[in-house]
């Protein structure tokens, strides 16, 4: 049985949903805010301009070859976990630079959750992210 905590929203004294940080009302709002931020990030000039690179045949074939040769997530491996890699990540964001995009020394194999976490950090944090 998990211990229920108070909602983390400022001024709220309701109990949070079991295993989550917010009460039912604030969870809905937090989810809507997250969905809006994700949608806005996908519509950014950066995302639209660089999405075309991921449709190139060279990327599609190269990505598959890379994952066959590097089948495990490097971030999970650093923690001693074995997790299949499903994503090829650009270690240093390419920002539309085709040479950096196709530079395999700038690639790493990650699982979906590690890749999503890294991408969210790059998009929403570190000063280079989403401009609202």
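What to note about this one:
- Look at (1) surrounded by fewer than 16 Cβ atoms within 10 Å (Cβ to Cβ); (2) at pLDDT below 95; (3) part of a helix (DSSP H, G or I) and you find that residue 60 fails only one, number (2).
- Taking the criterion of being assigned to a loop (DSSP other than H, G, I, E, B) and either touching a helix residue (DSSP H, G or I) at 6+ places or on another chain (Cβ under 6 Å) or modelled with pLDDT of 90 or more (or both), the residues of segment 112-132 that qualify are 129, 130.
- Residue count for segment 102-111, restricted to those that are surrounded by 14 or more Cβ atoms within 10 Å (Cβ to Cβ) and assigned to a helix (DSSP H, G or I): 2
- Residue check: residue 99 meets all listed conditions (1) more than 30 Å from residue 13 (Cβ to Cβ); (2) surrounded by 14 or more Cβ atoms within 10 Å (Cβ to Cβ) but one, namely (2).
- Residues of segment 63-99 that are under 16 Å from residue 50 (Cα atoms), out of contact with any helix residue (DSSP H, G or I) (no Cβ under 6 Å at 6 or more places or on another chain) and free of Cβ contacts under 8 Å to residues at least 24 places away in the same chain: 97, 99.
- Residue satisfying all of: in segment 79-91; under 18 Å from the mean Cα position of the chain (by Cα) and either modelled with pLDDT under 95 or buried (at least 16 other Cβ atoms within 10 Å of the Cβ) (or both); nearest to residue 103 (Cα to Cα) among these: 90
- Test: residue in segment 109-129 that is more than 30 Å from residue 9 (Cα to Cα) and free of Cβ contacts under 8 Å to residues at least 40 places away in the same chain: yes
- Across segment 17-32, not a single residue is classified as surrounded by 14 or more Cβ atoms within 10 Å (Cβ to Cβ), within 16 Å of the chain's Cα centre (by Cα) and assigned to a loop (DSSP other than H, G, I, E, B).
The values are calculated or read from the model by the stated rules, or taken from the named source; none is laboratory data. Nothing here was measured: the structure is a model prediction, and the numbers come from that model. Note that we place each Cβ from the backbone using ideal geometry, even for glycine, and neighbour counts take in every protein chain shown.
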